[in-house]
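Novice: Sharing a structure here in structure tokens format.
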Amino acid sequence: MKIAILGAGISGMALARFLQQGGVPMGSLHLFEAGPVAGGLCLSKTVDGFTYDVAGGHILFSKDADAMQWMKDEAGGDDAFVERDRHTKIRFEDRWVHYPFENGIGDLPKDANFDCLKGYVEAWHARKMTGSEAPADFKNWIRWRFGDGIADHFMDPYNEKIWKRPLEQITSDWVAGRVPDAPVEDVLRAAVGIRTEGYTHQSIFYYPKTGGFQGITDGLAGTLESQIRLNTPVTSVRRKADGWSVNDEDFDVVVNTIALTYLPEIIEGLPDDVARAMRELEYNGLVTYLVAMDREEHPNLSWIYLPQKKQGPANRVTYMSNYSPGNAPEGKTSFLIEITTPGGQPFPGQELEQEMLQGLEVAGLLKRDEILFTDRSQVNHAYVVFDHEYHHRRALVLDWMEAQGLNPLGRFGRFEYDNSDQCVIKAREKAAAMLPDLLG
Ligand SMILES: Cc1cc2nc3c(=O)[nH]c(=O)nc-3n(C[C@H](O)[C@H](O)[C@H](O)COP(=O)(O)OP(=O)(O)OC[C@H]3O[C@@H](n4cnc5c(N)ncnc54)[C@H](O)[C@@H]3O)c2cc1C
């Protein structure tokens, strides 16, 4: 039995480990990885003693305690991790605003606080009185749910930075279940300065002591080492009478974790409508900058959001050296900056760095003379974009792949907004579904 797993990010590697732990011989598992190191979006990079996560700041947290423990165990056990309290804030003008924003409006300047409170109450009233249904597009959904003040001061500018397109083009259904409905009393309290917490998920998180978030995938890769073919892009997948051919080698089973948008160039004999749907799935890329700082200590923050245009192109800044002492040399600190880019388009040039640094100065986060150096990374696929064709295209593609036995798995292998813990949970489910056939 030969099993080909396409892509050695956390999804592919977790699947291989679960299959192996379920009784599949190691020698049956073959992972194809285009890059020089396994780990995909979980990779980290170390430069002159400063470590950062190349696809933006990553934390380990899961509602599924077993999955989280499994990830820790694969990467050296509890002792290999630090535990951190999550401290996130929004930077607004010259001040810090409690997160989530609706629970922090009392921290705003008085006129903005008034706008946000008025809008929130009006929107709440309209929903309660008319029972109006949630609008299908994200732009109108924001106003329906939070009101005009929060839309104007925070949600619109912040989301325009992340999504890089008019918010009308995005659906609201993906966000509906993710944003808890803050009781109106809490927002009233917040507005007059009584602290309310808001939702408190992820109040604690874990992070590898050394090596960045990649410590987790390094643990998996260490066990699977001999079965991972690095620097080996999959260039062709062909159906055969009794299985599959991958790069002209025969396999009995194929599991794909490679981004669906790449597959029309790889899978032979794709129906036209499936190939078109794959190509048209929308996504955003990401540019990240490590900013190494000659500064002894950061404020006690995990990450912050930068909603305002004048704060530059960055939408999120991670206080990377706060995650683990292993992330910066002693007496130094670091930031990790995230800037999304429209998927499939050329990445911005060097000018982006100056715009980013200028924005951070305006936001009051740093001074130029504190910067030791910067380092830039970029990833092609970072965020799934939930445009109005998303469900239709995705269903067409996944139905076809499932019917063919191409086993789609992973964040961009299924085009889902999954964190690494969810990738592990889905790999565990996939392995459980495959094992009876493989062992039977
Ligand atoms: C900004 C951002 C923040 C995030 N924050 C968190 C967080 O805090 N916590 C968390 O748990 N998760 C977080 N995530 C999500 C997490 O990174 C992903 O869920 C996870 O890494 C996806 O793993 P994957 O294996 O499904 O996909 P990938 O990591 O994309 O793996 C796919 C693999 O396929 C390889 N590949 C591509 N083409 C080919 C080819 N032709 N042939 C062979 N191989 C190929 C790639 O090199 C890659 O290694 C974040 C993601 C982003 C973008």
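The values are calculated or read from the model by the stated rules, or taken from the named source; none is laboratory data. Keep in mind the model is a prediction, meaning the values are calculated, not measured. Glycine gets a Cβ as well: all are built from the backbone with ideal geometry, and neighbour counts include every protein chain shown.
Novice: Given the criteria more than 22 Å from the chain's Cα centre (by Cα), more than 8 Å from the ligand (Cβ to nearest atom), modelled with pLDDT under 95 and more than 24 Å from R414 (Cα to Cα), does M1 qualify? It would help to see each step written out before you state the result.
Specialist: Working: more than 22 Å from the chain's Cα centre (by Cα): yes; more than 8 Å from the ligand (Cβ to nearest atom): yes; modelled with pLDDT under 95: yes; more than 24 Å from R414 (Cα to Cα): yes.
The answer is yes for M1.
Novice: Would you check if I228 is within 15 Å of D78 (Cα to Cα) and hydrophobic (A, V, I, L, M, F, W, C)?
Specialist: Considered against the rule, which asks whether it is within 15 Å of D78 (Cα to Cα) and hydrophobic (A, V, I, L, M, F, W, C), I228 comes out as no.
Novice: Considering each residue of segment 268-323, count those that are small (G, A, S), assigned to a loop (DSSP other than H, G, I, E, B) and free of Cβ contacts under 8 Å to residues at least 40 places away in the same chain, and give that number.
Specialist: 1
Novice: With the structure loaded, tell me whether Q227 is more than 9 Å from the ligand (Cβ to nearest atom) and touching a Cys at 6+ places or on another chain (Cβ under 7 Å) or whether it fails that test.
Specialist: On the way: more than 9 Å from the ligand (Cβ to nearest atom): yes; touching a Cys at 6+ places or on another chain (Cβ under 7 Å): no.
When the stated conditions are applied, Q227 does not pass them.
Novice: Right, another one. Among the residues of segment 382-440, count how many are over 18 Å from F251 (Cβ atoms), of a type in the set (S, T, N, Q) and more than 16 Å from the ligand (Cβ to nearest atom).
Specialist: Total meeting the criteria: 0.
Novice: Can you confirm whether G104 is touching a His at 6+ places or on another chain (Cβ under 7 Å) and surrounded by 20 or more Cβ atoms within 10 Å (Cβ to Cβ)? Step through it out loud before you land on a result.
Specialist: Details: touching a His at 6+ places or on another chain (Cβ under 7 Å): yes; surrounded by 20 or more Cβ atoms within 10 Å (Cβ to Cβ): yes.
Judged against the criteria, G104 is a match.
Novice: Then there's this: Can you tell me how many residues within segment 212-261 are over 17 Å from A16 (Cα atoms) and within 19 Å of the chain's Cα centre (by Cα)?
Specialist: 7
Novice: Looking only at segment 230-262, which residues are hydroxyl-bearing (S, T, Y) and either more than 9 Å from the ligand (Cβ to nearest atom) or more than 15 Å from I3 (Cβ to Cβ) (or both)? Show your work before the answer.
Specialist: The initial filter retains those residues of segment 230-262 that are hydroxyl-bearing (S, T, Y), namely 232, 235-236, 245, 257, 261-262.
Matches in segment 230-262: T232, T235, S236, S245, T261, Y262.
Novice: Now for a different question. With the condition kept exactly as written, say whether any residue in segment 70-82 is farther than 17 Å from A314 by Cα, within 11 Å of the ligand (Cβ to nearest atom) and not acidic (D, E).
Specialist: yes
Novice: Just checking, does segment 77-86 include any residue being in contact with a Gly (Cβ under 8 Å, 6 or more places away or on another chain), in contact (Cβ under 8 Å) with a residue 60 or more places away in the chain and either surrounded by 23 or more Cβ atoms within 10 Å (Cβ to Cβ) or small (G, A, S) (or both)?
Specialist: Yes; the residues of segment 77-86 include at least one that is in contact with a Gly (Cβ under 8 Å, 6 or more places away or on another chain), in contact (Cβ under 8 Å) with a residue 60 or more places away in the chain and either surrounded by 23 or more Cβ atoms within 10 Å (Cβ to Cβ) or small (G, A, S) (or both).
Novice: May I pose another question? Restricting to segment 94-137, give me the number of residues that are in contact (Cβ under 8 Å) with a residue 60 or more places away in the chain, farther than 22 Å from I194 by Cβ and assigned to a helix (DSSP H, G or I).
Specialist: 0
For (1) at pLDDT 95 or above; (2) polar (S, T, N, Q); (3) buried (at least 17 other Cβ atoms within 10 Å of the Cβ), each residue gets a yes or a no:
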| position | (1), (2), (3) |
| --- | --- |
| F138 | yes, no, yes |
| I142 | yes, no, yes |
| G149 | yes, no, yes |
| M155 | yes, no, yes |
| E160 | yes, no, no |
| Q169 | yes, yes, no |
| V175 | no, no, yes |
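Novice: Still on this structure: Only one of (1) surrounded by fewer than 21 Cβ atoms within 10 Å (Cβ to Cβ); (2) within 14 Å of the ligand (Cβ to nearest atom); (3) within 19 Å of L409 (Cβ to Cβ) fails for E265. Which number is that?
Specialist: (3) is the only condition that E265 fails.
Novice: Here are the criteria: (1) surrounded by fewer than 20 Cβ atoms within 10 Å (Cβ to Cβ); (2) under 30 Å from S324 (Cα atoms); (3) not aliphatic (A, V, I, L, M). Tell me which single one S245 does not satisfy.
Specialist: Condition not satisfied by S245: (2).
Novice: Out of curiosity, is T318 surrounded by 21 or more Cβ atoms within 10 Å (Cβ to Cβ) and either of a type in the set (V, I, T) or in contact with a helix residue (DSSP H, G or I) (Cβ under 6 Å, 6 or more places away or on another chain) (or both)?
Specialist: In short, yes.
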